[in-house]
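The values are calculated or read from the model by the stated rules, or taken from the named source; none is laboratory data. Note that the structure is a prediction, hence the values are computed from the model and not measured. Counting neighbours? That spans all protein chains shown, and the Cβs are built from the backbone with ideal geometry, glycine included. Accessible surface is based on the protein model in full, side chains and every heavy atom, while ligands, DNA and RNA are left aside. Shrake-Rupley method; radii C 1.70, N 1.55, O 1.52, S 1.80 Å.
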Amino acid sequence: MRRPAPILIAAAAGLGSLCLLPSCKPRLRVPGWVQSAPEGSVAAFSGEAGWVISHREFQSLLAREPMAERALDLFLQKARINPRTETGRLTFHVIGLPQQGESGLEKGLGHVLIQLDQFKDPKSLVAALTESFPQEGHLRLAGRDWPLYVILDLETGDVKAHIRAASDEQGQIWIGELSALQRLASGKNLATRPGVAAAAEWISPRAPFQGYLQPEALLGSLRKELPDSGTLRDLPKDVQALFWSVTPSSVPDQPSRFELSLAGNPAAISQVTPWLQRLVAAISAVQPVPGAPAPELLQEKGRVGLRASLTDAQLKLILEKLGQPGLTFGPLPAPPKA
């Protein structure tokens, strides 16, 4: 079985409460990429485009999916995206999981989908797509047929892969193998999955770096590959969604804001609290921040969360325990001058 790329194996807090009355239907504060992501996404990493494009460590992780890396690089070059000034977001999804015996180029790419949204000039982004790549076929999104554009055709032996791009009326662009793109056609988004909206509401929608996973879908095959204790492997069953976010400080050597949020049935959430407490104990033992507030635990009937200020060493540890090794963030760059 093909293991999803490490950048997409990640885990997931904020304030708020859900109204429990049937007549009360609050509008949840869910990040935009979650609202438009396909229902079939089982794991995702979402980051500020400028950082993702220019960050060496992230590029080394993306290189483990070389065909996805090649397709994205080709699009970014032709779209003339400047990482120093760009404000958009790049999100990488694992769409479904390879089944027993599935392997090869086409099957692997069929589970990777790249989402570009929140760019400062979406019209120019779409224009770059239509002007730089030939059109071939259509993809049905939100009840309408949208043109598909040829990014790359790959062939290895008897295996063929067709990397295409499509855009919707919001100016979002989706890049992936045809079989991955076709999973967008269902019309349902990630936020409609049980527990997803509740968990996503407890991370900051503007956090530069965010991630999601559907624990049982991934951990059924990954538990044996994770360390023995103190990690995702110890999560109880029936945790429906897990989100995380990181907001680095703009000042070097200052702590980052970290948020983690999990949602599921009440029995599962009651079992998650001790797991979170052990996680807090582990990070508190590594280079504590002098004068920093203690990590804050939040809990409701169907969700639980953590908020903390973490040093680079603490953040590295917690990301490793959440299945995302080898990724560091560093200070945020200064905003571009007007």
So what J values fall out for the stretch 241-258 if you push phi through Karplus, 6.51 cos²θ - 1.76 cosθ + 1.60 with θ = phi - 60°, rounded to Hz, Gly and Pro as x? 8, 9, 10, 9, 8, 10, 10, x, 6, 7, 10, x, 6, 9, x, 9, 8, 10
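Roughly how many debye, to the nearest 20, is the charge dipole of the stretch 118-175 about its Cα centre, given +1 on each Lys and Arg Cβ, -1 on each Asp and Glu Cβ, and no other charges?
About 200 debye.
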Could you work out how far the C-alpha centroid of the stretch 165-196 sits from that of the stretch 45-98, in angstrom? 17 Å
How many percent of the accessible area of the stretch 243-308 is carbon or sulfur, using a 1.4 Å probe? 56 percent
Would you please give the FRET efficiency between A267 and A292, computed as 1/(1 + (r/R0)^6) with r the Cβ-Cβ distance and R0 = 22 Å, to the nearest 0.05? 0.10
May I ask you to give the percent of accessible area on the stretch 109-173 that is carbon plus sulfur, with a probe radius of 1.4 Å? 48 percent
Report the FRET efficiency, 1/(1 + (r/R0)^6), for E39 and D153, where r is their Cβ-Cβ distance and R0 is 35 Å, rounded to 0.05. 0.80
